[in-house]
Every structure is written in C-alpha cells, then in structure tokens.
Amino acid sequence: MSGLKMPQANAATLKKRAEIIADMRIIVPGEGVVDAQNEMRAFESDGLTAYRQMPLVVVLPETTAQVSRILKYCHERDIRVVPRGSGTSLSGGALPLEDAVLLVMSRFNRILDIDYANRAVVAQPGVTNLGITHAVEQAGFYYAPDPSSQIACSIGGNVAENSGGVHCLKYGLTANNVLGIEMVLMNGDVIRLGGKHLDAEGYDLLGLMTGSEGLLGVVTEVTVRILQKPETARALLIGFPSSEEAGQCVAEIIGAGIIPGGMEMMDGPAIRAAEDFVHAGYPLDVEALLIVELDGPQAEVDHLIDRVETIARQNGATTSRASTSDEERAVFWAGRKAAFPAVGRISPDYYCMDGTIPRKQLPRVLAGMRALSEKYGLRVANVFHAGDGNLHPLILYDANRPGELEKAEDFGADILRLCVEVGGVLTGEHGVGVEKRDLMPEMFTEDDLNQQIRVKCAFDPGHLLNPGKVFPQLHRCAELGRMHIHRGQMPFPELERF
Amino acid sequence: MTVFLPNTAEEVLETVRWAVSEEAPLEVVGHGSKRGIGQPVQTAHTLDLSKLTGVTLYEPEELVLSARAGTPIAEIEALLREHNQELAFEPMDYGPLFGGEPGRGTLGGLLAANLAGPRRLKAGAARDHVLGVHAVSGRGEGFKSGGRVVKNVTGYDLSKGLAGSWGTLAVATDITMKVLPAAETETTFCIAGLDDAAATQAMAIAMGSSAEVSGAAHLPEGVVGRFIDGGFSGGGQTVLRVEGFGPSVAYRIDLLSRLLGNHGSAETLDEAASRRLWREIRDGHPFADGSPAPVWRVSVTPSRGHELVDAFRRAAGANVYYDWQGGLIWMRMEADPEAEILRKMIAHLGGGHATLVRAPLAIRAATPVFEPQPAPLAALSARLKEQFDPQKILNPGRMDFT
Ligand SMILES: Cc1cc2nc3c(=O)[nH]c(=O)nc-3n(C[C@H](O)[C@H](O)[C@H](O)COP(=O)(O)OP(=O)(O)OC[C@H]3O[C@@H](n4cnc5c(N)ncnc54)[C@H](O)[C@@H]3O)c2cc1C
C-alpha cells in the first residue's frame, strides 16, 4: 500500500475547482461547503492514517434532496465523489481523492422514528451506531451489531462496510439487522429498499448495498431492527496452555448447540499487553485466553455457564472464572476491549489486520504467523473473534525506522494470503478499501471480479462514486459489457421430455 | 423441447454457453416445486438441475454446509438433523399449496426464492444464511462470490444478490450455507379469543419482551379449525413459539403468561403439537386443500397487517391468517385476486408488498405476480439484469422486468 496507485486525477475537474465550489454553495447553503486547506485537513484521512490526501472540496449536505442534486450535478460533469461517514474506516474506504468531492454525511444526524411495536428505528445515516442504542435503551432495547468504534462510527458507514462486533456470532452482522434504506444513485435517482416490512421483493439490492463500501450509492436513511436487551449476561474467563486446546474448546461449545453472545480469544502476547495495561486479573501463565459471554434469561445463562465450564475443563483449561456481577463481567472484558491501545503501549506503531479463517485452521494459521514473525523480525499479537473465525493480528512496528512500515505491510499481506490459503477470506469486517484492494486477485479470478464490477456498472456506469477502492482495476463498463460467444455443439443433449 | 440434465458445474456452463450462442432461452428448474409462482416462463429448452446433487462439505462444528444446487432440501435437512442442526430460517415448502407432495425442492430453488418461515422474525431468510456461491451468469461465465466463513466483507455479496432472483441473473451450481444448532425443545403459548387488533397488540408485547419468541402468528376463527387436525377449541388463536434449552423454555413461557395473562385464556402446546403447528403455518396449510383459488402472501409493517385486512375485506372476500407478528398475511381470495385494490391499500398503509403465490395460469399471465416497482428502482433492477444476462437467456419474463 505504500506504493498505492490511485486513479489519475481528472485535470478538467481540477481546473474547474472554483466553479464547482461556487455551485456546491448554491446547492448546500450556509456552512455546508468547506474549501479552505486548513479546514479540509481534518478530512484528509480516515482510520487508516498511513494514507492522506486532500479532497477537491468537502461538502456536508443535510437533506436527501441536496445529496441528489450534488450527485446529479457531478454525474453530468464527470466529477468524482467520495462518500464519508465518521471516517473510522480501517481500510481507507473514505480516503479522499484530489479531484473528488468529499461528501460527508455527518449532518444527517437525526433519529426519525422510534417504533417499539415493530422493533424498528429509522435513522439518518450520520447517527452513530451507539446513538441508536442510546435512543432506545430507556425502554430496554438496543441495536445489536456493536463494532468497537461504536461511539464514533455512523450507521451509514456500518451499512457501507457491513460492520460486525463481538455480538455478531449470535445476533448477526449489519446486513442481518438492517431492514431498509433510502439511497441516492450517482445519477441522482432516489431509491427506497425495504422498510419495516420483511423481505422486499425483486433483486436483493439491499444485500448488495450492504458492504459495498460507498461505491454503489449514497445511503441517506436507514431502518434497523432493535432488540430487547437480554435479561442477563454472564462471562467466563478461561485460560489454556495452548491455542489448540482453546480452539478445540470453542468447537465443542458450538458442537454442544450453544451459541454464546460473544466468544473472544487472545494469544499470549495480547494477554500480557492487556494485563499490563488494565490489570483485569488475566492469568499470565497461559498461552490462550477465552472470554465466553452467555446472555439471555437468567435460567438459561446459569444452565449454560455450567455446561461451558465442563466443556472447558474437558479440554484442558487451567483456569476458569465465571462472573458473578455485571461489574466483574465488565472487568473480564476490559482487557479485551483495551487490547489495541494496550498493544499501542508496547510498540510505537501497530498495524491491525482482519482476515477470517475456518476456525479449525487456527493452530495452523498461528504457527504460520509465528514463522512469518521471525522472517520479518516483527512481533505480532492476536485477538480473535473466536466464534466466527475473524482474526485481528496486530503487527508491531516502528514507523520511524526506515522500511519498517513496508515490512509490516508485507507481513500483513502474507498473513492474509495465508488466511485465503486455508479457506478463509481477506477481510471479515474492516472492508477492502484501498488497503486490501491489490490483494483481491488472491481470492478472486478475473471473471469473479468482473462480475462484481458489472454490479458496479448497473449502479454507477461512469465509475464516479468512490473510484480506486475495492477493485484493483476498474474495467470500463462498455468493455465488460461485450459478450464473448463460444459457439459449439449442443452439449450432451439428453433428450428427455416432460 | 430439450431438457438438459447436467451432472456437473462444467456441464451447466457448457449448456448456458450453448444457449447464449444460439440465443435460445432456458427455463431453469430444480424440482419444479415452485413453478407455479411468477409469470409463466415459455421456453423451448429447460435446464434441469435435479441431477446436480450432493453435499460436498459439512462441518457441524464450523456451522457450515456446501452442496450442489440440485441437492434436495429434504436430504440436507435430514443430514443436519443427525447432528442436531438445521437451516435456522426454516425454509417453507410450497409443494402442498400447489397440490404437490411435501418435501420437494432443491437448495438452488431455496436461494432463488429466498425462502423463509415463521422464524424469519428472529433468524432471517435464506439471504441471511447464504455464505457463498459458484454460479454461471447469463453471459455464460462462471464466477464465485463469498466463501465458507460467516464474517466476510471481501467484495460485493453476489450470493445475496442471487437470493430472490428466481433464476433470472445466474444459475447457481454450488451453494454454501451457514447452519445452526437446532433448539433442544419448543413449546407454543396460545391465547384464545382475541380479535385481529388485540392479537396484534399481544404479539407486539411478546416480541418486544425478553422471552425471545421465535414465532408469532394469529389464526383467526375462520381458519383456526384447519390447523393441527382441529385440535384448537373455540375462537381465534394467537400463538407464540418459544424454543431453546429446557429450563430456559419453561422460564420464558412463564414470562409470557405473566406478560399476557390478562389478554385471554391461555394454554400451551407440547413439543410435538408445536412442531406440527408451525410447519402448517409455514406452508400455508389451511389453503392447501386442493382448491385453485388465488393466494397472496402480503408483507407489511407488522402493526398494520390487521388494518390492511380490515380495509380490504370491505372490498372483497378473503380468508386470512397472520404470521411474522402480523406482518405476513396469508390471504385466500374467494374469487378474483383484486390486485390493484390490495396494492393500493398496502401503499396507503406505509408500504410493503403482495405476492400472488398461487393463481391459475390465465390470471397470473394478466396480473403482476410480484409487487410492481417504482420507476427508478425498476430501471436499476433492469440494469442489473442486463449486467448478468444481457440476452435474457435465463427464465425470461419470470419477473416483470426480466
Ligand atoms: C478503533 C476502531 C475500532 C473498530 N472496530 C471495528 C469493529 O469492531 N468492527 C467493525 O466492523 N469495524 C470496526 N472498525 C471500522 C469502522 O469503524 C467501521 O468500518 C465503520 O462502519 C465505519 O463507519 P464510518 O461512519 O466511520 O465510515 P467511514 O469511515 O466514513 O466510511 C467507510 C466507508 O463507507 C462509505 N460510506 C460512509 N458513509 C456512507 C453513506 N452514508 N453512504 C454510502 N457510503 C458511505 C465510505 O465511502 C467508505 O467507503 C473500527 C475502527 C476503529 C477506528
């Protein structure tokens, strides 16, 4: 990524900058257009801070009609647009382009409807993930997908990234909790998909939009499912001498028909870093630590805590503690939640990866990582959404040492290759963005990628929305539309008749 | 008429390529159990996937199963049962509604029709459980999407894109699904004698509680006698299913009776009766009596379902019951489908959709079976179709814009 190539800037757009800014001020009056260099600085990168680029101009619309006019304007003039929510993407999805309008959705910050009878909330896309839960918690409800960035990240960004969190094992990802959206296409068309009713007919465009990283349309409204808070939750903190045993324990918990609310694993280096930082009482003589949280009715949770403890013992757990109060449960989680900053304390910089693997491959992947760690001479600590196989290796490096960032990036790429090799994928929840863009061919053939780009062509044939992200190369739609006819014999005509 | 019966994904690819080069459209079928749904497809050739079978991967502890698209759902469900697992979205079986046998249908059809059942409320539909596909587009190109893991945001989710596409975008050849542990036991809590409005209120209370209800239906007086062999006595029944580990189920049933105790007289159904009841609710059982009368499945905001029925009944005669907390209305018409009136009322009540799942051929040919889409959405759908199947080789005309 250090040598990242972005699409070549459109010189005609750059030349018309002043005119574009003036026109944007007509569409979005007041404070909604930011063009001063010092003020645009705040938007020059997202959560992947290794990359920075000043945008052409920053526009902060407030209404769907404004978004529609902006996109139509840009569409007619061939101007690129990069949507942005809160800018917490870890893959550079919201990285600006020199010749693109940065469309920031943060002023869409209102909750439009809270409907307990139908367990739905309608929110504007700039509302934060946690903002939805805050709006309904006094009635005992919450919004289930809980990315660690939930105080900051926007629900529109969550839709664009199909974000997950520790509770996704039991409650699903964003895609499974969004009921409907309103979106604007690059040509200005406003489209509503789904709503408070289930399973809208026609093609599952809502499914395609979720996780499309701002390349298909701009989300201007989101309807989500809210759930009643589980009556109670308890956590178990279980230590193992090796990750193999911890992995086997996870498999047997699920094999027993138990789907915990959350199931997280940390390896030795991550445990020690976290314990040093927050003193959560983690055992330091273990090589793998599992946090298993069970939630639901009291009767169920107590029943399952016992069963999970038994399974853990049978799998060689050397320590096991069950929380007896919400305070104690919070302490168990404190170390896991602080794992990233904890690693940040023991290394000047760290680089967070996000592959997913079939769970049973964990020992092989961890062994592979140890070998890579030696090869690159960089340390790595692992936190792991153990229930669903989503790994977050944290590569420790020092950006001030020449060449070390590049080394960390190469190390990261090798880890992701390893994930794909064992049947996994490049990214579980952080998205492809610019970061993993050039690794896409590790997982997909040219035909696979072309069919994805054809979806893009149906939504945005001019490739004006968020170009340079996700796809290593955006072939022109006209080129992709050409048919290659293979003339041949009628294949195996088994002339059966009805 | 040629029927192609491929045994392998390569043969599917060859067939579609041939069809593309000859510009010869194909009707794509599995068991043909849902052929009665959608606009009738009239093609000279049929691509029959019923020989493309076999579970290719099943790892219970990883909660994942892959199978070829023509694999019978019944075979998959039997295999899962051996390991106390299931397809959690409870795919419905359209067979009986069309006077066919139960237990037919393939995995490919399940995805193409985006099947779901009463547990849709809690567990989602086929779209929420598909992890990956291999498919052949109407361009005659093989592609894959997704994978075998649940957490995956690598590229567009074309597997979801095929859900509900009725075979008009691509022919799936291999499909990977998330599977889940089956509940240890279940009980259904039944309240007798509520009218539709009161039932809707009771269902909302139950769904909004921490009882984790996994099925909420209302069976009005006019249909209730047709469930569980007439086992319900007197009046309409509002039924709430609770599933899980034994102690938890008992606890939550108790919670429901505390919450809803004053809503009417209540009883519970044991596991066997409960299983049977929800299968019948799932499959439109009261209307699967050999009659060809038009049947709608209408999906609206749950709290508005009964209002829709109330308004509609003033215009036309219909027999109904509700699933999905009142948001899914199964409706059998006495005569005409009255599509326009029904759809106007749906729009008026905040939107949703009506699918004419059963109707004689002549009526289907003259009535939009699927909910007509607003112009910009229809245009986008048509562009998507164009990108997958520019020559309209696959199931031409099955959906309006195809
Ligand atoms: C400390 C930290 C922890 C994190 N933890 C998690 C985690 O646990 N799980 C997880 O999944 N992610 C996590 N993330 C990543 C990130 O928070 C999510 O991807 C989040 O959904 C991004 O939301 P955002 O509003 O910040 O979007 P942005 O970063 O602004 O944008 C992300 C992408 O979405 C597009 N986009 C934004 N808004 C819209 C819109 N309205 N319409 C169309 N496209 C839009 C952008 O173009 C871009 O491609 C973490 C990030 C940080 C910094």
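The values are calculated or read from the model by the stated rules, or taken from the named source; none is laboratory data. Only a predicted model underlies this, so the values are computations on that prediction, with no experimental measurement involved. Neighbour counts are summed over all protein chains in view; Cβ atoms, including those assigned to glycine, are modelled from backbone coordinates with ideal geometry. Protein only, heavy atoms only, side chains kept; ligands, DNA and RNA dropped before computing areas. Shrake-Rupley method; radii C 1.70, N 1.55, O 1.52, S 1.80 Å.
When the surface is traced with a 1.4 Å probe over the full set of protein chains, residue B:203 keeps roughly 0 Å² accessible.
Taking every protein chain into account, the accessible area of the range B:185-282 amounts to 35 square angstrom per residue (probe 1.4 Å). The separation of the range B:317-341 from the range B:249-306, counted between C-alpha centres, amounts to 16 Å. For chain A, find the longest principal axis of its Cα atoms and tell me its angle to the long axis of helix A:404-421, 0 to 90°, nearest 10. Long axis of A:404-421 versus the principal axis of chain A: about 80 degrees. Of the Cα atoms belonging to chain A, the radius of gyration and Dmax stand at 24.0, 74 Å. The label-point distance for residue B:254 and residue B:3, in a model that sets each label 7 Å from Cα toward Cβ, rounds to 5.7 nm.
So for A:469, A:5, what's the accessible-area order with a 1.4 Å probe, most first?
On the way: A:469 0, A:5 160 Å².
So the residues, ranked largest to smallest area, are A:5, A:469.
In the assembled protein chains, residue A:167 presents an accessible area of approximately 40 Å² (probe radius 1.4 Å). Averaging 1/r over each pair of different alpha-carbon atoms in the range B:185-282 and inverting the result gives 13.1 Å, the Kirkwood hydrodynamic radius. What the phi angles of the range B:158-171 give under the Karplus curve with 6.51, -1.76 and 1.60, with θ = phi - 60°, is a coupling list of 5, 4, 5, x, 7, 5, x, 8, 6, x, 9, 10, 7, 9 Hz, glycine and proline written as x.
Put a plus charge on the Cβ of each Lys and Arg, a minus charge on the Cβ of each Asp and Glu, and nothing anywhere else: the dipole of chain A about its Cα centre is then about 960 debye. Placing A:252, A:409 in order of accessible area, with the largest value first and a 1.4 Å probe, yields A:252, A:409. Go through the range B:1-42 and flag every residue whose accessible area shrinks by 40 Å² or more with all protein chains in place compared to the isolated chain (probe 1.4 Å). Hits at the 40 Å² cut-off: B:1, B:2, B:3, B:4, B:5, B:17, B:18, B:21.
Remark: accessible area buried at the B-A interface is about 8600 Å², both chains counted, probe radius 1.4 Å.
For residue A:179, the residues 5 or more places off, or on other chains, whose built amide H falls under 5 Å of its own are A:223, A:224, A:225. In terms of its C-alpha gyration tensor, the range A:222-263 has a prolate overall shape, because the principal axis ratio a/c (a ≥ b ≥ c, square roots of the eigenvalues) is not below 1.5 and a/b outweighs b/c.
Where is the GNM fluctuation largest for chain B (alpha-carbon springs, 10 angstrom cutoff): B:91, B:337, B:390? Fluctuation is largest for B:390. Cβ distances below 4.7 Å define possible disulfide partners, and in chain A the cysteines left without one are A:74, A:153, A:168, A:249, A:352, A:419. Dividing the summed -39500 (n - 2.57) terms of all DSSP H runs of n ≥ 4 by the residue count of the protein assembly as shown sets its mean residue ellipticity at 222 nm at -9500 deg cm²/dmol.
Considering only B:375, B:288, B:24, the mean-square fluctuation computed in a Gaussian network model of chain B, springs between alpha carbons under 10 angstrom, is largest for B:375. FRET efficiency for the pair residue B:334 and residue B:101, taken as 1/(1 + (r/R0)^6) with r the Cβ-Cβ distance and R0 = 25 Å, rounds to 0.40. Karplus-derived 3J(HN,Hα) values for the range A:268-278, using 6.51 cos²θ - 1.76 cosθ + 1.60 with θ = phi - 60°, are x, x, 5, 4, 5, 5, 5, 5, 4, 7, 10 Hz; glycine and proline are entered as x.
Listed here are the pairs A:196/B:144; A:15/A:469; A:375/B:160; A:407/B:144; A:16/A:407; which of them are more than 29 Å apart at the Cα? Where the Cα-Cα span goes over 29 Å, the pairs concerned are A:196/B:144; A:375/B:160; A:407/B:144; A:16/A:407. Less than 5 angstrom separates the built amide H of residue B:173 from those of B:134, B:135, B:136, all sequence-distant by 5 or more or on a different chain.
So, R0 is 56 Å and r is the distance between the beta-carbons of residue A:272 and residue A:5; what FRET efficiency does that work out to, to 0.05?
0.90
With K and R counted +1 and D and E -1, the other residues having a Cβ less than 11 Å from that of residue A:427 yield a net charge of -2.
Partner chain Cβ atoms within 10 Å, averaged over the residues of B:198-211 - can you pull that number for me? Don't skip to the answer; put the middle values down first.
On the way: counts 0, 0, 1, 1, 0, 1, 5, 2, 0, 6, 10, 3, 10, 3.
Per residue, the average neighbour count from other chains is 3.
Expressed in units of 2.2 N^0.38 Å, where N is the residue count, the Cα radius of gyration of the range B:1-148 is 1.07. Of the options B:402, B:5, B:235, report the single residue whose Cα projects farthest towards the positive end of the charge dipole of chain B (beta-carbon charges: Lys, Arg +1; Asp, Glu -1). The residue sitting most towards the positive pole is B:402. Contact residues in the range A:425-446 (at least 40 Å² less accessible area with all protein chains than alone, 1.4 Å probe): A:425, A:443, A:444.
Find the accessible area per residue for chain A; the probe is 1.4 Å, ligands and nucleic acids are left out, and the unit is Å².
Using a 1.4 Å probe on heavy atoms only, each residue of chain A averages 36 Å².
Counting charges near residue B:196 (Lys, Arg +1; Asp, Glu -1) among other residues having Cβ under 15 Å from its Cβ returns a value of -2.
From the mean inverse distance of alpha carbon pairs (Kirkwood) and the Cα radius of gyration, derive Rg over Rh for the protein assembly as shown. Spell out each step's value before the answer.
Details: Rg = 27.0 Å, Rh = 28.3 Å.
On the Cα set of the protein assembly as shown, Rg over Rh gives 0.95.
Any idea what angle helix B:196-207 forms with the longest principal axis of chain B, computed on alpha-carbon atoms, 0 to 90 degrees, nearest 10? The two axes meet at around 80 degrees. Cα axis of helix B:246-260 to longest principal axis of chain B: angle in degrees, 0 to 90, nearest 10? With both axes taken from Cα atoms, the answer is about 60 degrees. Remark: the range A:387-444 carries a charge dipole of roughly 40 debye about the Cα centre, counting +1 on each Lys and Arg Cβ and -1 on each Asp and Glu Cβ. When the square roots of the Cα gyration tensor eigenvalues are ordered a ≥ b ≥ c, the ratio a/c for the range B:289-366 is 1.5 or more and a/b exceeds b/c, which makes its shape prolate. Quick one: work out the % antiparallel among DSSP beta bridges in chain A, nearest 5. So the antiparallel bridges amount to about 85 percent of the total. Would you work out what percent of the accessible area of the range B:289-366, with all protein chains in place, is carbon or sulfur (probe 1.4 Å)? Carbon plus sulfur share of accessible area: 54 percent.
Shown for the range A:93-161: the carbon plus sulfur share of the solvent-accessible area, taken with all protein chains present and a 1.4 angstrom probe, equals 53%. Note on chain B: with a GNM built from Cα contacts shorter than 10 Å, the maximum mean-square fluctuation among B:168, B:367, B:188 falls on B:367.
Please compute the average number of Cβ atoms from other chains found within 10 Å of each residue's Cβ in peptide A:269-279. Spell out each step's value before the answer.
Details: counts 0, 0, 0, 0, 0, 0, 0, 0, 0, 0, 0.
Mean shielding by partner chains, rounded to a whole number: 0.
Each Lys or Arg adds one and each Asp or Glu takes one away; over the other residues whose Cβ falls under 14 Å from the Cβ of residue A:400, this sums to -2.
Amide hydrogen proximity for residue B:106: with H placed 1.01 Å from N in the peptide plane, the residues at 5 or more positions away or on another chain lying under 5 Å are B:31, B:73.
In order along the range B:120-135, the Karplus-derived 3J(HN,Hα) couplings, from 6.51 cos²θ - 1.76 cosθ + 1.60 at θ = phi - 60°, round to 3, 4, 10, 10, x, 10, 3, 4, 7, 10, 7, 9, x, 9, 10, 8 Hz, and Gly and Pro are given as x.
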